[in-house]
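A quick write-up on the structure given underneath.
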Amino acid sequence: MDTAPHIFPEGKRYRSFASYIKARYGGRLQKVVIDAGFSCPNRDRTLGVGGCTYCLNDAFHPAYSHPQVALHRQIDEGIVFHRKRYARAQGYLAYFQSYSNTHASLERLKEVYEEALSHPQISGLVIGTRPDCVDAPKLDYLAELARKHIIFIEYGIESCYDRSLQRIRRGHTFEQAQEAVVQSARRGLQTGAHFIFGLPGETKDDMMRTAYIIGALPLTSVKFHQLQIIKGTEMEAEYRQRPNDFITFSLLEYIDFFIDFLERFNPTIAIERFAGEVPPRFVSHTPWGLVRYADLVKMLEKRLEERNTLHGRYYNFSYI
């Protein structure tokens, strides 16, 4: 195979989200997680209670972010927190991460989003939500904001298979997710999505087939995580009862699996993450040890070089 190792920015063999941001905005934009006290339809009885079977929000919630703290104070404390690690950040994005951050009236969304945008060091918003928590007026409003600010909308989709979505109690279909992504992109919004590898009942072939399904969506970026079994969740009990329903990966197996996936994935979509990182106190076991995500990225890049391959090597653009 005759590859061009510098086909992507900064000499990478895949399209990274960091490179996308740098090319578009001239430098690093650091996300600052804030919690505005939104809920989720899977928790507030709109659809159900208890949330998705794998979910424990505290497992990815930073200590400085709490809904009882004023938004500007959360932002200030988040910037101080990140400055130690990302001193070269050229700007900050307020990241509404916890629960479903469009699950409220349009009037409430305007109040909260505009309060965050009024902070002098905030350049824009990243809004994490569900596909069934948006509608035309909300998306039109976000498109209006995007004329003056950096706006990303990020959908938790998790799987392309309705049987999986039902089993993990997501409460929406993949068709709803496709429609939300399409409607967001049509309005010019930068649109991201999140998917999990290793959900119960899915085989490696099932997961690999989603490369073309996801790649056909009009996405700006995507996050992939390996399934991690979080203490105290319904999925932890399910895993104990039916472990054979779950595909698990060793670290090296996952790196090679993801490269196989990446070869088949649309190279115009940026990869924001390819693995998850949960504090050890929240997980039942840590089969990969205490490796940090930055180290995983180095391993991925090294393995791409060893295999002399690229993001999108086998992608068929006729799927778009």
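The values are calculated or read from the model by the stated rules, or taken from the named source; none is laboratory data. Treat the numbers as computed from the prediction; the structure is a model and nothing was measured. Note that we place each Cβ from the backbone using ideal geometry, even for glycine, and neighbour counts take in every protein chain shown. Protein only, heavy atoms only, side chains kept; ligands, DNA and RNA dropped before computing areas. Shrake-Rupley method; radii C 1.70, N 1.55, O 1.52, S 1.80 Å.
Structure values in brief
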| item | result |
| --- | --- |
| Among (1) surrounded by 16 or more Cβ atoms within 10 Å (Cβ to Cβ); (2) modelled with pLDDT of 95 or more - the single one A136 does not satisfy | (1) |
| Filtered residues of the stretch 112-158 (kept if among the β-branched types (V, I, T) and not in a helix (DSSP H, G or I)) | I122, V126, I127, T129, V134, I150, I151, I153, I157 |
| Cross-chain or 6+ apart pairs with Cβ under 6 Å, the stretch 29-41 first and over 14 Å from A116 (Cβ atoms), then of a type in the set (A, V, I, L, M, F, W, C) and open to solvent by 30 Å² or more (accessible area, probe 1.4 Å) | P41/L47 |
| Qualifying positions in the stretch 176-197 - aromatic (F, W, Y) and under 12 Å from A146 (Cα atoms) | none |
| R313 closer than 17 Å to K12 by Cα, among the basic types (K, R) and part of a loop (DSSP other than H, G, I, E, B) | yes |
| Residues (part of a helix (DSSP H, G or I) and either within 23 Å of I230 (Cβ to Cβ) or hydrophobic (A, V, I, L, M, F, W, C) (or both)) located in the stretch 288-301 | Y293, A294, D295, L296, V297, M299, L300 |
| Pairs with Cβ under 6 Å, 6+ apart, first in the stretch 205-216 and at pLDDT 95 or above, second polar (S, T, N, Q) | G215/N266 |
| Residue tally, condition open to solvent by 20 Å² or more (accessible area, probe 1.4 Å), within 19 Å of R130 (Cα to Cα) and either in contact (Cβ under 8 Å) with a residue 24 or more places away in the chain or part of a strand (DSSP E or B) (or both), over the stretch 83-111 | 6 |
| Residue in the stretch 144-165 that is in contact (Cβ under 8 Å) with a residue 24 or more places away in the chain, among the acidic types (D, E) and under 18 Å from C55 (Cα atoms) present | yes |
| Only one of Q226, Q190, Q176, Q166 that is surrounded by fewer than 18 Cβ atoms within 10 Å (Cβ to Cβ) and not basic (K, R) | Q166 |
| The lone exception for T268 - which of (1) surrounded by 20 or more Cβ atoms within 10 Å (Cβ to Cβ); (2) modelled with pLDDT of 95 or more; (3) under 21 Å from F195 (Cα atoms) it fails | (1) |
| Inter-residue pairs, beta-carbon under 7 Å, first closer than 19 Å to H194 by Cβ and charged (D, E, K, R) and in the stretch 272-299, second at pLDDT 90 or above and assigned to a helix (DSSP H, G or I), 6+ apart | E272/F17; E277/Y293 |
| Candidates T191, T210 - the one that is polar (S, T, N, Q) and within 30 Å of L290 (Cβ to Cβ) | T210 |
| Top-ranked residue of the stretch 15-37 - restricted to ones that are assigned to a helix (DSSP H, G or I) and of a type outside the set (S, T, Y), ranked as least open to solvent (accessible area, probe 1.4 Å) | I21 |
| Matching option when the condition is at pLDDT 95 or above and out of contact with any Asp or Glu (no Cβ under 9 Å at 6 or more places or on another chain), among E305, E277 | E305 |
| Qualifying residue in the stretch 226-239 (condition: in contact with a Phe, Trp or Tyr (Cβ under 7 Å, 6 or more places away or on another chain), touching a residue at least 24 places away in the same chain (Cβ under 8 Å) and within 27 Å of Y20 (Cα to Cα)) | yes |
